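K.L.:
Handing you this structure, nothing more for now.
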Amino acid sequence: MKDKKTKKMWGVFDESGIFMVVCHHRFSLVIADIVQSGEQAKYPLAVVSKLLDAFGKDLGSGYNIGCRFKTTLSRSVLGHRAHELNHTSLVSVFHGHAHQHLCQLDRLATYVDGLGLEDLKGCEWTFSKSNALASSVRYASIFDWCQAITNYFQHNNDYEI
């Protein structure tokens with residue numbers, strides 16, 4: 001009985017955050033719970049899989065470690081599919097300038113035709129706006145935590161707060 005209560009008590013810490021994707025209009029496309037493991041490659045791989053299913057060919061995704069993620073993606077089970085669908089892994093403007101020059105030319109948002117002034121920092125802008133939500137869900141049940149986050153991002157998508 002005591003073990004069950006202890007497990008339930010510490011279970012509130014299983015979800016340690018969210019991994020999300022926003023489009024260049026700042027709409028939330030995919031939100032995944034990060035459960036116990038921290039930020040690992042499985043989250044962006046799962047997200048890319050969903051995005052390839054939804055959008056298909058010629059998809060570009062920006063990630064602060066886009067050059068490293070491109071290698072991870074190509075070596076994963078999704079690699080062949082991502083290559084066939086011409087998926088491009090990009091690096092955001094801020095992180096891009098820390099990389100090698102050749103990497104910048106290939107993956108930096110500044111040099112990609114069609115991106116315009118996009119900085120690929122949509123998630124950071126979104127998280128900055130949602131920081132106030134953290135204190136209200138810190139000790140919430142898993143259900144209430146998911147509900148509050150879902151409602152917040154749905155409201156943000158509908159009204160761009």
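Each reported figure results from applying straightforward, stated rules to the coordinates on display, with no laboratory input. Because the structure is a prediction, the values reported are computed rather than measured. Cβ: placed from backbone, ideal geometry, glycine included. Neighbour counts: every protein chain shown.
K.L.:
Express in nm, to one decimal, how much length is gained between residue 33 and residue 136 on full extension, taking 0.36 nm for each residue of separation and deducting their alpha carbon distance.
P.N.:
On the way: separation 103, 0.36 × 103 = 37.08 nm, distance 1.71 nm.
Working it through step by step, the gained length comes to 35.4 nm.
K.L.:
Hey, another quick one. Going by C-beta contacts inside 10 Å, put 43, 159 in order with the fewest on the left.
P.N.:
Result, fewest neighbours first: 159, 43.
K.L.:
Follow-up question, since we're still on this one. Under the definition of Cα pairs under 8 Å and six or more residues apart, what whole-number percent is the relative contact order of region 19-152?
P.N.:
Value for region 19-152: 20 percent.
K.L.:
Shape of region 19-152 from its Cα gyration tensor (a ≥ b ≥ c, root eigenvalues): rounded if a/c is under 1.5, otherwise prolate when a/b > b/c, or oblate?
P.N.:
Prolate shape, in that a/c is at least 1.5 and a/b is the bigger ratio.
K.L.:
Sticking with this structure for a sec: Given R₀ = 41 Å, what would the calculated FRET efficiency be for residue 83 paired with residue 159, taking r from the Cβ atoms and rounding to 0.05?
P.N.:
FRET efficiency, residue 83 to residue 159: 0.60.
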